[in-house]
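A quick write-up on the structure given underneath.
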Amino acid sequence: SFGSRCSRSYIRVITWFGAGMLGRMQAQWFEPEWIGDDPTDSPLFRDLNPVQREAVAATEGPVVVVAGAGSGKTRVLTYRIAHLIRDLKVPPASVMAITFTNKAANEMKERVARLVGGAVKQMWVSSFHSACVRILRRDAARFGYRSGFSIYDEADSVRLITQCVKDLDLDTKRFPPRNLKAAISNAKNELIDYESFANTDSGFYHEQVADVYRLYQQRLLEASAMDFDDLLMVTVELFGAFPDVLEHYQNRFRYVMVDEYQDTNKAQYMLVKMLTDGHRNICVVGDSDQSIYRWRGADVRNILDFEQDYPDARVIVLEQNYRSTSNILDAANALIANNPRRQSKHLWSDQGPGDRIVRFEGEDEHDEAGFIVDQVEHLIDEGHNPSDIAVFYRTNAQSRVIEDVFVRRGLAYTVIGSVRFYERREIKDVIAYLRSVVNPDDQVAL
């Protein structure tokens, strides 16, 4: 699968390597006999278009890949990793690839494994939070946490904040715990601790929120627990307070790649910057046009200002879309062109014009739902399988009227997205017992 010039002995080396000879084989695996003076002669580059090849080959120094929707950014990242390891002989343990969800990280890991085999086990291919957990399990004791500290999800955090509100004799109606959690989360994403938070504003309400934040952090430390935002903030604080820890990870990870960079917040930005300050081999992939997570702390300026942070940065723009037809891309380009601050690009496709886009504006939600179901019935009459049809809506409240019309028309449907497995009460109860065993200080679990 690595090209026609692979020999039988080459494949045996890969198999032996994957069977556990990681350390001893590292210097001699992936024989370079099929690579000439130019690394881009590698078979890896045959599967890429010219701009993708440029992005994969740009391995040294700061690089920003502006990747439009459907332009093959995951392929660029995975092939870039494979190029570093297979062609340039970079030790796999020196490579870190960060993305935003565990699902995306697992997908990337699988795709990298198909290119480099067992070497992927030595790399860190993970989400920001998973990477921080690995770092903190090793060194969080320097801040007084157990190595087996608990990690609180949203429900755990709200429960603990509710206790703090009651202990401070505050009214939970005037100070809703979920609102307080959002305020504290926003502060942590901006790397503002509770002492600094108290000085960011004044007034009775802000002072009470600051008190809750202070008590909440105190209770977390007493329970040897962190919430998701702490995983990022405490890691940044760890790097800042203990230069030897930072130096250890700077020396280990010589090549750092970040996916969906437009969705990073300040804490994530600082993590990446601190890790790469020495070697500056940082490659970020993202698209300012796809930045939609400001509400959870994402700062699109991180990608827009990348060239200010790194004046010598190489900018590569992926504009060929492999997912959509020209009509869809033309509409998208026309809409996003109204954004006054963005990285210039124009998506295009060679898949032809495709179907024209239909826009319908209903008089109310019932008219809208009726139109949707009419279209579904029309597609089914044309012979389409109902399981190939999806209806997307922005908020859960919008589904009710659509479901009502489906029921009246006698059309079977399935609603996707309910309570997540680990958020079910019985599952959280079981996990709480296990957390109490691992961390007896965890009062919320108890």
Limited to the range 77-108, what total is found for residues that are assigned to a helix (DSSP H, G or I), under 14 Å from the mean Cα position of the chain (by Cα) and closer than 24 Å to Asn49 by Cβ?
4
If a residue must be surrounded by 17 or more Cβ atoms within 10 Å (Cβ to Cβ) and out of contact with any Phe, Trp or Tyr (no Cβ under 8 Å at 6 or more places or on another chain), how many such residues does the range 163-174 contain?
1
Breaking point among (1) out of contact with any Gly (no Cβ under 9 Å at 6 or more places or on another chain); (2) assigned to a helix (DSSP H, G or I), for Lys173
(2)
Matching residues, the range 378-406, being surrounded by fewer than 12 Cβ atoms within 10 Å (Cβ to Cβ) and farther than 30 Å from Ala155 by Cβ:
His378, Asp381, Glu382, Gly383, Asn385, Ser387, Asp388
Got at least one residue in the range 179-201 being within 30 Å of Asn302 (Cα to Cα), at pLDDT 95 or above, open to solvent by 10 Å² or more (accessible area, probe 1.4 Å) and of a type in the set (Lys, Arg)?
yes
So which residues in the range 120-162 are in contact with a Leu (Cβ under 9 Å, 6 or more places away or on another chain), open to solvent by 60 Å² or more (accessible area, probe 1.4 Å) and assigned to a helix (DSSP H, G or I), if there are any at all?
Lys121, Arg142, Phe143
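Considering only the range 428-446, state which residues are open to solvent by less than 100 Å² (accessible area, probe 1.4 Å), part of a helix (DSSP H, G or I) and within 25 Å of Cys164 (Cβ to Cβ). Don't jump to the end; show me each part of the working.
To start, the set of residues in the range 428-446 that are open to solvent by less than 100 Å² (accessible area, probe 1.4 Å) comprises 428-432, 435-436, 438-442, 444-445.
Still in the running and part of a helix (DSSP H, G or I): 428-432, 435-436, 438.
The answer is Lys428, Asp429, Ile431, Ala432, Arg435, Ser436, Val438.
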How about the range 282-309: which of its residues are surrounded by fewer than 24 Cβ atoms within 10 Å (Cβ to Cβ), in a helix (DSSP H, G or I) and of a type outside the set (D, E, K, R)?
Ser288, Gln290, Trp295, Leu304, Phe306, Gln308
Among (1) open to solvent by less than 90 Å² (accessible area, probe 1.4 Å); (2) under 30 Å from Asp47 (Cα atoms); (3) part of a loop (DSSP other than H, G, I, E, B) - the single one Leu329 does not satisfy:
(3)
Considering only residues of the range 353-377 that are free of Cβ contacts under 8 Å to residues at least 24 places away in the same chain, among the acidic types (Asp, Glu) and part of a loop (DSSP other than H, G, I, E, B), which is surrounded by the most Cβ atoms within 10 Å (Cβ to Cβ)?
Asp364
Answer with yes or no whether Asp312 is of a type in the set (D, E, K, R) and either surrounded by 11 or more Cβ atoms within 10 Å (Cβ to Cβ) or not in a loop (DSSP other than H, G, I, E, B) (or both).
no
Whichever residue in the range 62-76 is in a loop (DSSP other than H, G, I, E, B) and either open to solvent by less than 10 Å² (accessible area, probe 1.4 Å) or at pLDDT 95 or above (or both) and, among such residues, is nearest to Phe45 (Cα to Cα):
Ser71
Unmet criterion (only one of (1) open to solvent by 10 Å² or more (accessible area, probe 1.4 Å); (2) in contact with a helix residue (DSSP H, G or I) (Cβ under 9 Å, 6 or more places away or on another chain); (3) not in a helix (DSSP H, G or I)) for Gly117
(3)
Of those in the range 77-101 that are in contact with a Lys or Arg (Cβ under 8 Å, 6 or more places away or on another chain) and buried (at least 24 other Cβ atoms within 10 Å of the Cβ), the residue nearest to Ile336 (Cα to Cα) is Thr78
From (1) free of Cβ contacts under 8 Å to residues at least 60 places away in the same chain; (2) more than 24 Å from Arg296 (Cβ to Cβ), pick out the condition that doesn't hold for Val165.
(2)
Determine, yes or no, whether Asp350 is open to solvent by 90 Å² or more (accessible area, probe 1.4 Å), acidic (Asp, Glu) and closer than 30 Å to Ile303 by Cα.
yes
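Of the residues Gln208, Gln268, only one is under 16 Å from the mean Cα position of the chain (by Cα) and in contact (Cβ under 8 Å) with a residue 40 or more places away in the chain; which?
Result of the check over Gln208, Gln268: Gln268.
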Qualifying residues in the range 215-235 (those that are out of contact with any helix residue (DSSP H, G or I) (no Cβ under 6 Å at 6 or more places or on another chain) and among the acidic types (Asp, Glu)) - the one least open to solvent (accessible area, probe 1.4 Å):
Asp230
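In the range 49-61, which residues are touching an Asp or Glu at 6+ places or on another chain (Cβ under 8 Å) and assigned to a loop (DSSP other than H, G, I, E, B)? Steps first, answer last, please.
Within the range 49-61, the first condition is being touching an Asp or Glu at 6+ places or on another chain (Cβ under 8 Å), and the residues that meet it are 51, 61.
If the condition is that a residue be touching an Asp or Glu at 6+ places or on another chain (Cβ under 8 Å) and assigned to a loop (DSSP other than H, G, I, E, B), then Gly61 is the only one that fits.
Matching residues to (1) under 19 Å from the mean Cα position of the chain (by Cα); (2) open to solvent by less than 20 Å² (accessible area, probe 1.4 Å); (3) closer than 23 Å to Ile135 by Cα:
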residue	(1), (2), (3)
Lys273	yes, no, yes
Arg280	no, no, yes
Gln320	no, no, no
Thr325	no, no, no
Gln343	no, no, no
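The values are calculated or read from the model by the stated rules, or taken from the named source; none is laboratory data. For clarity, every value in this text was computed on a predicted model and none was experimentally measured. Because the Cβ atoms are built from the backbone with ideal geometry, glycine has one as well, and the counts that use them run over all protein chains shown. Keep in mind that these areas ignore ligands, DNA and RNA; they rest on the heavy atoms of the full protein, side chains included. Shrake-Rupley method; radii C 1.70, N 1.55, O 1.52, S 1.80 Å.
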